[in-house]
Every structure is written in structure tokens, then in C-alpha cells.
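Asks: I have a structure here, written as C-alpha cells, and I will follow up with some questions on it.
The values are calculated or read from the model by the stated rules, or taken from the named source; none is laboratory data. These numbers were taken from a predicted model, which means no experiment stands behind them. Here Cβ is always computed from backbone atoms with ideal geometry, including for glycine, and neighbour counts include all displayed protein chains. To get the accessible areas, we keep the full protein, side chains included, count just its heavy atoms, and leave off ligands, DNA and RNA. Shrake-Rupley method; radii C 1.70, N 1.55, O 1.52, S 1.80 Å.
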Amino acid sequence: MRILGIEASCDETAAAIVENGVKILSSVVASSSQMHAASGGVIPEVAARQQVVSILPVVDKALVNAKCQMTNVDSVAITIGPGLIGSLLVGVETAKVLALIFKKPIIPVNHLVAHLYANWLGGGSHIPKFPALALVVSGGHTDLVLMKDHGNLKWIGGTRDDAAGEAFDKCARIIGLPYPGGPAISAKAEGYLNQKPKSLNLFPRPMIHNDNFDWSFSGLKTSVLKYFKTHEDIEKGQIAAEIQEAIVDVLVKKTLRAAGIFKPRSLLLAGGVAANLRLREKFELEIRNLKLDIVFNVPPPSLCTDNAAYISSYAFFNQKPSSLGQIFARPELTIVGQP
Ligand code: KG4
Ligand code: ZN
């Protein structure tokens, strides 16, 4: 089964064709992130307008790259949230029109849960085993969920304020690094750590010892701001490495504490922040140190950040009759899928 996935929830416009939830035939991503660099963050109206410009060429390119046409596609999967309303609207309307014209079922997709399905892409023996513990770390969310099966998810913790990606972005802005802050902090930190690896403990690890699986990152932002005001001459690489380590440390420690309690067979990482090399490395190190009997799944960095391949994969594994039909109030359309 071939599913055309469309993702347009923020500043990326993406389309992909994926076969049977695992084989990527094409995946195209256009981003307006450079347009937001000057403002230090995404301007929703600018992002939505850029979605209008990009969406048809991106869908077209996904079809061409997969050497197929709409007639060879079995269904259309579309992100319906969470996300920026203007961007979402462009994606949903495009998917509805394609589904209507080509008489294809349309599958509504939850963007956050879909991020996890980047771990199914590629297939083979590496696909996650249930029960799985999954950490979604993106620009807007930090959530820990226990996945017993496809469609059987239990939320066990999350951020109480800023998301991990948001913390990277806002701290980067404070220290004068460009948007998106995650890759910028990571690159600066890497340069510094290659020269002089040392212990990093300048900033607090909020809630690290609390008896729950929640996080809080807004206090870290305040600490960075206060420190930077009085130490503006600090090497950028050093402060970047300290910020990164504070975020990574608390994410890894609390997630692995949950793994010790829930004893999942797999640990899944997903979302833009999962592209962070230090986060990936620290998870691997600590899993080994703690001798946890768990398979660690993390997608290649290019599949961690927003794309439509995981939208198609989610749709393949979760297509069930949906009560959300009313949001696509068109009797001509067949609605399947549970967001
Ligand atoms: O999943 P994503 O592409 O979009 C959302 O759904 O939010 O995540 C974007 C976030 C941004 O906050 C960005 O700074 C962060 O992911 N990010 C990173 C890295 N690459 C992207 N954070 C840390 N290290 C990275 N290498
Ligand atoms: Zn995302």
C-alpha cells in the first residue's frame, strides 16, 4: 500500500510517498526557517503564506521522485495538529482537494504521535518492539509515552512549561546564536568539546530528582540569561556546551529512570531534538552503564526533524474508521484513521 503523506504544521512543507509504512519511495521537505531567522522564531502568518507557495510543488516533486502518479497512490495522510492554525489549514485543504479529485481515502494524522513513526521507516529487524517507551522532543513538545501497541498509548510525563527544542531556541537567542537554536548550539558545543572536554555543570537540572516523569525548562532559560548578562565574554562554545548538557542530562536521566520502572523492550526517540548528537550519544552511554536490557531506536537525524515520511508511516499503521469525519465535512470523502 502506498500512502501520500503531507505535513504542513509549522515552517516545513513536506510530502512523501511511503510503501507499507516502512519503505520511503520519496520524501521532499521545503522549509521557510531561514525567513524566520531574522526574527529569532517562527512568525505564523509568514509560515502560512510560505506553505501556500510551496505545497503544490512539494507534492508534485514527491510524486515525480517516487515515479508515480496520484492514481498509483492508495490514500492521502495529512497532519491535522498540533501546529500553527494557518499552516495546518493550507495542508488540510490541499489534502482534501487531492482526495476529492482523485477519490482517495484521507487519513487524519496527529503530528506528535507521528514523529515516533520515523523509527519504523527503513523496516527490517530494527523496527521497534512493543511495549516501547517513547520520548518525543520537538520545538513545541516534550512528552514521554508508553506505547503498548499501535494506537495504544499512555502519556506518562512531559514538560510543565517550555519544550526542550524551545529551550534550545530561546537560549540560543539569549547568547546571540541564530534560529533554529538547536543545531546552532549543537555545532558550537561540538567545536568546544573537541578542543577541551571537561565536566559541564554550570546550569541547573530542573526537576531531575522529582518523583515523576515531568520536565521544566523555563528556569534554565532564566539561569542562562542571568549568567550571560554578567559573563558576556564567555566563549560561545563553552556556554553552548553547558546549555546542551543541562537539557540532555535531565532528558536522559528521567527517561531512563522510567525505563527502569516500566521495563519496555524498546526505547524510541523522536522529534527535532532527537537529531542532537550529544543526546543520542548520552542515551547510548547511560543505557550501557545501567546495563538496561532495551533496544534503543533513534531515526537518522534527517528523519527526526519535520518531514512527511513519518506521516505516511503513522497512517499505514493506524488506519481505522474515525469519528473525526466531521472535520472533513464532505460526504464524498472516505475518512479512515484515528489521530
Ligand atoms: O520536530 P521539529 O522539526 O518541529 C516541531 O515539531 O517542533 O523540531 C524542531 C526543534 C527546534 O526547536 C530545533 O531547535 C530542534 O528541534 N533541533 C535540535 C537539533 N535539530 C533540531 N535541537 C538540538 N540539537 C539539534 N541538532
Ligand atoms: Zn515536529
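Asks: Past 23 Å, Cα to Cα, is the threshold; run K188/K226; K61/K170; K229/K253; K96/K148 against it and keep the listed order. Intermediate results must be reported in sequence, preceding the final value.
Replies: Numbers: K188/K226 20 Å; K61/K170 34 Å; K229/K253 29 Å; K96/K148 31 Å.
Going by Cα-Cα distance, K61/K170; K229/K253; K96/K148 fall outside the 23 Å limit.
Asks: Treating the beta-carbon of each Lys and Arg as +1 and of each Asp and Glu as -1, no other charges, what is the dipole magnitude of the chain about its Cα centre, to the nearest 20 debye?
Replies: Working: 34 positive and 29 negative charges, 129 e Å.
With only Lys, Arg, Asp and Glu charged at Cβ, the dipole is about 620 debye.
Asks: Nearest-5 percent of antiparallel DSSP beta bridges in the chain?
Replies: Working: 27 of 46 bridges.
Bridges in the chain that DSSP calls antiparallel: roughly 60 percent.
Asks: A follow-up question, please. Roughly how many whole Å is it from the C-alpha centroid of the range 42-57 to that of the range 75-150?
Replies: The range 42-57 and the range 75-150 have Cα centres spaced 20 Å from each other.
Asks: Hey, another quick one. What aspartates and glutamates sit close enough to K129 to cross-link, taking a C-alpha to C-alpha distance under 14 Å and skipping anything fewer than 8 places away on the same chain?
Replies: Here the aspartates and glutamates satisfying the reach criterion relative to K129 are D149, D293.
Asks: With each label point set 7 Å from Cα along the Cα-Cβ vector, what nm distance links S39 and D233?
Replies: The two pseudo-label positions are separated by 3.7 nm.
Asks: Normalise the Cα radius of gyration of the range 126-298 by 2.2 N^0.38 Å (N = residues in it) and let me know the number.
Replies: So the range 126-298 has a normalised radius of gyration of 1.02.
Asks: Sticking with this one: Taking K198 as the anchor, which aspartates and glutamates have their alpha carbon closer than 15 Å to its alpha carbon, excluding any fewer than eight residues away along the same chain?
Replies: E190, E235, E242, E245, D249
Asks: Continuing with the same structure: Starting at the first residue of the range 242-251, write each ³J(HN,Hα) from the Karplus equation 6.51 cos²θ - 1.76 cosθ + 1.60 with θ = phi - 60°, in whole Hz, x for Gly and Pro.
Replies: Each residue's phi maps through the Karplus curve to give 5, 4, 4, 5, 5, 5, 5, 4, 6, 5 Hz.
Asks: Please list the non-local residues whose amide H lies under 5 Å from the amide H of L292, H modeled 1.01 Å from N, same-chain partners needing a gap of 5 or more.
Replies: The answer is none.
Asks: Step through the residues of the range 44-56 one at a time and calculate ³J(HN,Hα) from phi using the Karplus curve (6.51 cos²θ - 1.76 cosθ + 1.60, θ = phi - 60°), rounding each to whole Hz and writing x for Gly and Pro.
Replies: x, 5, 5, 4, 5, 5, 5, 4, 4, 5, 8, 4, 5
Asks: Okay, next question. Between N201 and L100, with labels modelled 7 Å along Cα→Cβ, what's the label distance in nm to one decimal, could you check?
Replies: A separation of 6.2 nm, rounded to one decimal place.
Asks: Next question. Can you pull the semi-axes for the chain, root of five times each eigenvalue of the Cα gyration tensor, sorted largest first, whole Å? Don't skip to the answer; put the middle values down first.
Replies: Working: eigenvalues 242, 109, 55 Å².
Output for the chain: semi-axes of 35, 23, 17 Å.
Asks: Next up: Put +1 on the Cβ of each Lys and Arg and -1 on the Cβ of each Asp and Glu in the range 126-298; which of A163, A134, L220 then has its Cα farthest toward the positive end of the dipole?
Replies: With unit charges placed on the Cβ atoms, the residue in question is A134.
Asks: Could you derive backbone 3J(HN,Hα) for the range 116-129 from the dihedral phi with the Karplus parameters 6.51, -1.76 and 1.60 (θ = phi - 60°), listing whole Hz in sequence and x where the residue is Gly or Pro?
Replies: Ordered by residue, 3J(HN,Hα) equals 4, 6, 4, 6, 8, 5, x, x, x, 6, 8, 5, x, 10 Hz.
Asks: Quick one: with all protein chains in place, what share of the accessible area of the chain is carbon or sulfur, to the nearest percent (1.4 Å probe)? List each step's numbers first, then the result.
Replies: Working: 8110 of 14650 Å².
Accessible surface attributable to carbon and sulfur in the chain totals 55 percent.
Asks: A further question on this structure: At a 10 angstrom cut-off on C-beta neighbours, averaged per residue, how do the peptides 109-119, 51-61, 204-214 rank from highest to lowest?
Replies: Working: 109-119: 25.6, 51-61: 18.1, 204-214: 14.5.
Ranking, from highest mean packing down: 109-119, 51-61, 204-214.
Asks: Please work out how much length the chain gains when fully extended from V52 to Q69, using 0.36 nm per residue of separation minus the C-alpha to C-alpha distance, in nm with one decimal. All intermediate terms of the calculation are to be shown ahead of the outcome.
Replies: Details: separation 17, 0.36 × 17 = 6.12 nm, distance 2.13 nm.
Full extension of this stretch gives 4.0 nm more.
Asks: Do any trypsin sites (Lys or Arg not before Pro) in the range 194-273 lie in a DSSP loop with no more than 11 other beta carbon atoms within 10 Å, and if so, which? Don't jump to the answer; show the numbers that get you there.
Replies: Values: sites: K198, K221, K226, K229, K236, K253, K254, R257, R265; in loops: K198, R265.
Passing both the DSSP loop test and the Cβ count: K198.
Asks: Assuming R0 = 56 Å, can you tell me the calculated FRET efficiency for the pair N194 and I261, based on Cβ-Cβ distance, to the nearest 0.05? Let's see the in-between values first.
Replies: Numbers: r = 36 Å, r/R0 = 0.64.
FRET efficiency, N194 to I261: 0.95.
Asks: Explain nothing, just the number: dipole magnitude of the range 88-209 about its Cα centre with +1 on each Lys and Arg Cβ and -1 on each Asp and Glu Cβ, in debye rounded to the nearest 20. If you can, show how the numbers build up before the last one.
Replies: Details: 13 positive and 8 negative charges, 36 e Å.
Rounded to the nearest 20 debye, it is 180 debye.
Asks: Kirkwood hydrodynamic radius, the range 250-302, all distinct C-alpha pairs: what's the number in Å?
Replies: Numbers: mean 1/r = 0.0888 Å⁻¹.
About 11.3 Å, per the Kirkwood formula over Cα pairs.
Asks: State which stretch of the chain is the longest one without any exposed GluC sites (Glu not before Pro), exposure meaning a DSSP loop state and at most 10 other Cβ atoms within 10 Å.
Replies: On the way: sites that count: E232, E332.
With GluC sites (Glu not before Pro) excluded where exposed in loops, the chain gives 1-231 as its longest stretch.
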